[in-house]
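The values are calculated or read from the model by the stated rules, or taken from the named source; none is laboratory data. Everything quoted here is computed from the prediction, not taken from an experiment. Virtual Cβ from ideal backbone geometry, glycine too; neighbours counted across all protein chains shown.
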Amino acid sequence: MCRHNGNRWRYLLKLNVGQGVLAIPGKNKETKNIQQPDMNYKSLILILLIGLLLSNSAFSQGRKSKIKVKELSEKERMQEIDLFGQGLVEKSKGNVTGALVFYDRALEIDPFDAAAWYEKARLYLSMNRNDEALEAAKRSIEIDGKNKWYLVLYANACKANDQYDEYVKTYETLALEYPTDLDFLKELAFAYYFTGDYKKAIVAYDRIEKEEGVNEQLTIQKVGFYDKLKEPEKGVMEYQKLIDSNPEDPRYYALMAEYCAKNGLDDQAIAAYEKIVEINPSDPYVHIALADYYNKKGNQHRSFQELKLGLANSVLDLKTKINLLVNYYQGNLSDEQKKHALELSEVLMQAHPDEILSHTFYASMLYENNEFEKARPLFLDILKEEPSNYSIWEQLLLCDLNLQDFTQLDTDSEDAVDYFPNYPLPYFFAGLANLQLKDYVKAKAYLESGKNFVVNNDGLLEQFYSTLGDTYHALDNFEAAYLSYDKALLINPKNALVLNNYAYYLSLESKNLEKAATMAKAAVDLDPYNSNNLDTYAWVLYKLGKFDEAIIWIEKAYDNKGDQSGVVLEHYGDILFRLERKSEAFDYWRVALEKPEHSELLQKKITDKKLYE
């Protein structure tokens, strides 16, 4: 009588009744049990006793242990069974420590109980005590080397301890011993993959495929192995087998096409894509895939044409299409790319005429292409449907600004303020519009109110103060203007526009001219080819009586498109007059008279041939 075989049968009874049927372990998982049925302790012991009577039955299978063991007395057997059973009960309660104590006590009585070693190994593995798990698992298979569950646990313990050769070898044994159990074969295939033996992994998958037939999952896995081996032509053969298994499934051609494209097999990729079109001409995805293919190949024209076909298909939902477009057209776009994006957005609107999102996207593309005149009415129509869409309000206001339609900007910004009374930007646009429309009181009101809503946006706050400075100056409230400019410069000392305006207005009052000169020179340094900045610096120097320096800078202003400015030309004449170059001064005054923005005194200067300031 082989006592340890009797123990194995006894343990099988324990497993079947006390724990439920064992599940086959997954690739990275320890063997798991399904839900345990309710059982009281006395019932468990009774069944274990029955197991002893059947120890020589047909279930006592497997090779005999080479380990010499001592015979146990009946009392010892009963004690060992009792302790093992208590271990199972503690384990079922989640008391891992208690279970280990009972298993150890059982093994003190019978150190050749493979089931007890197995249970110990399982617990150790669950606790990440991998060294101890491997030792216990190895002990279980030394006693009972034919129990497949012991072997599975041993393999997983080897893997957990980085003993990959033994891990693979054990699954090779299991696959050989149980050739009809495909789960073991799949685990073996994974073991080969895990250890980088891709050729053997393919052989294992071929055996699985022979039993299960060709299927998508197996094919993709095998192709992945051929990729690792840098044998794409064999990957193509695998996809062809998949296609042959169901030649009417367009997805398989799509897999083939994508794989061929990735591996530079262009002719085969195109052939697969064309086959999809043949099978399902209304499939929008094939055109999207072709667009991506041509885009990667650098054929932007074909990519654009295929993308148009895909986007025109109403089967594909609008949000997916917009995401595609955003992915295609992002970053710094060329003019041609912007035109393409605009044309495709119009295709979207035609394919989805009842979805406001398509109109919104088209209007945004018009805006990006600087077609503000076309975009503005679309934004207005969208806002009739969605007046709470703040981003559309912003784009509308920017359209008005770019068109320099300050009357419309005034109207639209006031409407935006009504809808969004706590948003600062509509107030700013309302203030700017009214400044340009010369309604300075109204401009001041909007700007003063709006700046209070600015949060964590110094750039916008800077613009509020800068525009307030111009507004207060227009209202002849010079101190308030200068205070606003100071606040703007406190935020950004390099604001060339504020530096220039501040300096110029000080020069008009002949006030703080040294400060004005410093600011004017800073503006010139920041923007050295701006005729306004150059003119201001020249004029401040003129006010300081530095006529020889002033003439240098006014000449630079003139050379940088200042020849079209009445202000620059008049200032040029004034400086020349002070330098006693009066004949030249009269010439510049006369030219200035023909240009906009000269002073009201210019005609009198020319008539009297005198300098009036």
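For segment 105-151, what are the residues that are among the acidic types (Asp, Glu) and under 17 Å from Phe84 (Cα atoms)?
First, the residues of segment 105-151 that are among the acidic types (Asp, Glu): 108, 110, 113, 119, 131-132, 135, 142, 144.
Glu108, Asp110, Asp113, Glu119, listed by residue number.
Residues in segment 153-167 that are more than 40 Å from the chain's Cα centre (by Cα) and crowded, with 20+ Cβ neighbours inside 10 Å: Leu153, Tyr154.
Going by what's in this entry, would Lys610 be described as exposed (fewer than 14 other Cβ atoms within 10 Å of the Cβ) and farther than 21 Å from Thr536 by Cβ?
On the way: exposed (fewer than 14 other Cβ atoms within 10 Å of the Cβ): yes; farther than 21 Å from Thr536 by Cβ: yes.
Criteria met by Lys610.
How about segment 471-504: which of its residues are closer than 20 Å to Ser531 by Cα and surrounded by fewer than 23 Cβ atoms within 10 Å (Cβ to Cβ)?
Applying the first criterion (closer than 20 Å to Ser531 by Cα) to segment 471-504 yields 494-504.
Selection gives Lys494, Asn495, Ala496, Leu497, Asn501, Tyr504.
Taken residue by residue, segment 374-387 has at least one member that is within 22 Å of Asn402 (Cα to Cα) and in contact with a Ser or Thr (Cβ under 7 Å, 6 or more places away or on another chain). Looking across segment 425-449, the residues that are surrounded by 21 or more Cβ atoms within 10 Å (Cβ to Cβ), over 17 Å from Ala481 (Cα atoms) and not aromatic (Phe, Trp, Tyr) come down to Leu425, Pro426, Ala430, Ala433.
Could you check, for segment 406-417, whether at least one of its residues is at pLDDT below 95 and surrounded by fewer than 18 Cβ atoms within 10 Å (Cβ to Cβ)? Step through it out loud before you land on a result.
Taking segment 406-417 and keeping what is at pLDDT below 95, we get none.
Among the residues of segment 406-417, not one is at pLDDT below 95 and surrounded by fewer than 18 Cβ atoms within 10 Å (Cβ to Cβ), which makes the answer no.
Here Gly459 clears all of (1) in contact with a Phe, Trp or Tyr (Cβ under 9 Å, 6 or more places away or on another chain); (2) closer than 17 Å to Glu394 by Cα except the condition numbered (1).
Yes/no matrix, rows are residues, columns are (1) within 22 Å of Gln436 (Cβ to Cβ); (2) more than 32 Å from the chain's Cα centre (by Cα); (3) surrounded by 16 or more Cβ atoms within 10 Å (Cβ to Cβ):
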| position | (1), (2), (3) |
| --- | --- |
| Gln337 | no, no, yes |
| Phe372 | yes, no, yes |
| Glu394 | yes, no, yes |
| Gln404 | yes, yes, no |
| Pro421 | no, yes, no |
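Among the helices (runs of 4 or more DSSP H) lying completely within segment 244-311, list those that include at least 1 residues that are closer than 18 Å to Leu348 by Cα, within 30 Å of the chain's Cα centre (by Cα) and in contact (Cβ under 8 Å) with a residue 12 or more places away in the chain.
Details: elements: 250-262, 266-279, 284-296.
So the answer is 284-296.
From Leu100, Leu88, Leu153, grab the single residue that is more than 22 Å from Phe184 (Cβ to Cβ), touching a Leu at 6+ places or on another chain (Cβ under 9 Å) and in contact (Cβ under 8 Å) with a residue 60 or more places away in the chain. Write out each step before concluding.
Details: Leu100 fails: in contact (Cβ under 8 Å) with a residue 60 or more places away in the chain; Leu153 fails: more than 22 Å from Phe184 (Cβ to Cβ).
Going through Leu100, Leu88, Leu153 in turn, just one is more than 22 Å from Phe184 (Cβ to Cβ), touching a Leu at 6+ places or on another chain (Cβ under 9 Å) and in contact (Cβ under 8 Å) with a residue 60 or more places away in the chain: Leu88.
Does at least one position in segment 511-522 carry a residue that is of a type in the set (Ser, Thr, Tyr) and part of a helix (DSSP H, G or I)? Yes: one or more hits.
Just to be sure I understand the filter: pairs with C-beta atoms under 7 Å, separated by 6 or more residues or on different chains, first member in segment 450-474 and closer than 13 Å to Leu432 by Cα and at pLDDT below 95, second member assigned to a helix (DSSP H, G or I) and among the small types (Gly, Ala, Ser). Which pairs pass? Qualifying pairs under 7 Å: none.
Here are Ala363, Ala375: which of them is in contact (Cβ under 8 Å) with a residue 24 or more places away in the chain, in contact with a Cys (Cβ under 8 Å, 6 or more places away or on another chain), of a type in the set (Gly, Ala, Ser) and on the phi < 0 side of the Ramachandran plot?
Details: Ala363 fails: in contact with a Cys (Cβ under 8 Å, 6 or more places away or on another chain).
It is Ala375.
In segment 545-592, of all residues being polar (S, T, N, Q) and surrounded by fewer than 21 Cβ atoms within 10 Å (Cβ to Cβ), the one that is farthest from the chain's Cα centre (by Cα) corresponds to Ser583.
Within segment 175-218, how many residues turn out to be among the hydroxyl-bearing types (Ser, Thr, Tyr), touching a Lys or Arg at 6+ places or on another chain (Cβ under 7 Å) and assigned to a helix (DSSP H, G or I)?
In the first step, residues of segment 175-218 are kept if they are among the hydroxyl-bearing types (Ser, Thr, Tyr); the result is 178, 180, 192-193, 195, 198, 205.
Imposing the further condition that a residue be touching a Lys or Arg at 6+ places or on another chain (Cβ under 7 Å) reduces the set to 178, 192, 198, 205.
Those left that are additionally assigned to a helix (DSSP H, G or I): 192, 198, 205.
Count: 3.
Among the residues of segment 168-207, count how many are under 39 Å from the mean Cα position of the chain (by Cα) and within 15 Å of Ala137 (Cα to Cα). Total satisfying the criteria: 0. Of the residues making up segment 454-465, not a single one is of a type in the set (A, V, I, L, M) and more than 44 Å from the chain's Cα centre (by Cα). Among the residues making up segment 312-335, those that are assigned to a helix (DSSP H, G or I) and crowded, with 17+ Cβ neighbours inside 10 Å are Leu318, Lys321, Ile322, Leu324, Leu325, Tyr328. All conditions but one from (1) surrounded by fewer than 20 Cβ atoms within 10 Å (Cβ to Cβ); (2) out of contact with any Phe, Trp or Tyr (no Cβ under 8 Å at 6 or more places or on another chain); (3) of a type outside the set (Ser, Thr, Tyr); (4) assigned to a helix (DSSP H, G or I) apply to Pro353; the one that does not is (4). Consider segment 476-518 and keep the residues that are acidic (Asp, Glu) and over 18 Å from Leu460 (Cα atoms). The one that is nearest to the chain's Cα centre (by Cα) is Glu479.
Taking segment 213-232, which residues are over 34 Å from the mean Cα position of the chain (by Cα) and surrounded by fewer than 13 Cβ atoms within 10 Å (Cβ to Cβ)? Write out each step before concluding.
Initial filter on segment 213-232 (over 34 Å from the mean Cα position of the chain (by Cα)): 213-214.
Within segment 213-232, Gly213 is the sole residue that qualifies.
When Lys494 is tested against (1) touching a residue at least 24 places away in the same chain (Cβ under 8 Å); (2) part of a helix (DSSP H, G or I), only condition (2) is not met.
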